[in-house]
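Notes to accompany the following structure.
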Amino acid sequence: MRTERYVTSENIKKKTEYWLTEIHAVAKDRPHIKPHRNTTALVVVDMINYFVHPDAKAYLPATEAILPTIRLLVETARSLEMPVIYTQHCNTPQNAGAMGRFFGSWIECGSESQITDRLEVTPADTVIRKHTYDAFFETSLQGILERSGIRQLIVSGVMTHLCCETTARSAFVRGFDVLVPVDSVAANLENLHLSALKTMAAGVARVTDSMELIDELTT
């Protein structure tokens, strides 16, 4: 898989401004969806060793830049008693299905599918194992959200154009409002990252930055 270090901790602020300018052109007429702390959950998608560990075969350099932002979102959610839900992708030969055929391999359940220790998962958090892009497909996610009275999701993690976008679309068709902070999602290539953000902004999500969401949640 080809990768770029298209965003770093040094340039993420400028990159965020650039991405939001590009996104505004396709989403300027969309209504403003404001998150509410009592009905919003944070979903952290697949921040697992397979993508985050520097020695992993599918390491995404862009995760270095988004990790601090995700940690800040997690800390904010916990301080507001909002649910924090992590997804953990892995496959077996039996459930790899089309994904296994498309890529010719899969993420094995084990150490490479573990959530990175650079994010602290607590007993209060929920961890959901999934086996395809969509975090709702054949998982308990929808039931967990409905029982908690959740109507809005903040989607973060990797990859922007695969699991994050698919989960965002799946949430939307299930009736959830979706919010995606551009500085807390990442892909292997910037053009894939930005194109996915544009398509989400055009049809299924409010695409913004993490600090704006945090300010709205805490004021």
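Read the figures in this text as sums done on the coordinates, not as results from a lab. Keep in mind that what you see is a predicted model, and the values were worked out from it rather than measured. Note: ideal-geometry Cβ built from the backbone for every residue, glycine included; neighbour counts use all protein chains shown.
Quick notes on this structure:
- The stretch between Val26 and Asn11 holds 3.0 nm of extra length on full extension. This uses 0.36 nm per residue minus the Cα-Cα distance.
- Counting Lys and Arg as +1 and Asp and Glu as -1 over every other residue whose Cβ lies under 11 Å from the Cβ of Lys13, the net charge comes to -2.
- Those aspartates and glutamates that a straight Cα-Cα span of less than 20 Å connects to Lys14, excepting residues fewer than 8 apart in one chain: Glu4, Glu22, Glu64, Asp183, Glu190, Asp209, Glu212, Asp215
- Using a Förster distance of 25 Å, the FRET efficiency for Ser79-Met211 (Cβ separation, nearest 0.05): 0.95
- Net charge of neighbours whose Cβ lies under 10 Å from the Cβ of Arg37, counting Lys and Arg as +1 and Asp and Glu as -1: -2
- Sequence ranges 147-157, 53-63, 29-39, 89-99, ranked by mean other-Cβ count within 10 angstrom, highest first: 147-157, 53-63, 89-99, 29-39
- Nitroxide proxy distance, nm - points 7 Å out along Cα→Cβ at Thr92 and Thr122: 3.3 nm
- Anisotropy class of the chain from Cα gyration tensor, a/c 1.5 cut: rounded
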